[in-house]
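Taken together, the values in this text are just the output of simple stated rules run on the coordinates, not laboratory data. From a predicted model like this one, the values you see are computed outputs, not experimental measurements. Ideal geometry is used to build each Cβ from the backbone, glycine not excepted, and the neighbour counts take in all protein chains shown.
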Amino acid sequence: MMEDKDLAYRLGRAAFELEISLFDRSIDIRSNDHPAFIELLVHKAEALRIKIDGCKNHPRPHVHIDIGKDYHAASYAIDNGELLAGDPYKFGDRIEAWIAENKDLLLEAWEAVHSSDIPGADERADRLRQTDFPKK
């Protein structure tokens, strides 16, 4: 039984990787000890990486912020820019401003990721990466 689950997981992962190889490398598949989920890089500025992941354990739309080597340094709600967890260091005001400016597109990206719409998620990520991140 365990071998069947492992085989199913590996086949599913291979299918995702094949589909994703057709698109920009903004999408990554991670396992994190549970079935594979999508991680979508929506913006990169200075030492920041702003991401949406497809893990279904938090129903409220939110983004994860990586700062330098600090993975998931902070999380922000998309609907109102509220800091949900972590420490954004010196970037908090700028992150909140960027989320407010791009709220609608972020919500579209969240929905695409959570419905496994890979092409839709990738297209929205391309649009988000073209936005300007607020200056200091």
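Overview of results
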quantity	calculated
The stretch 67-85 residues near the modelled Lys103 label - backbone nitrogen below 13 Å, point 7 Å along Cα→Cβ	77-82
Computed lengthening from Ala77 to Arg60, 0.36 nm per intervening residue step minus Cα-Cα distance	5.4 nm
Contour minus Cα-Cα distance for Lys44 and Glu123 (0.36 nm per residue)	26.9 nm
Of the trypsin sites (Lys or Arg not before Pro) in the stretch 35-81, those whose Cβ has at most 16 other Cβ within 10 Å and which sit in DSSP loop	Lys56, Lys69
Estimated distance in nm for a label pair at Leu84 and Thr131, the labels positioned 7 Å out from Cα along Cα-to-Cβ	1.7
Note, ³J(HN,Hα) from phi for the stretch 59-64, Karplus 6.51, -1.76, 1.60, rounded to Hz, x at Gly and Pro	x, 6, x, 8, 10, 9
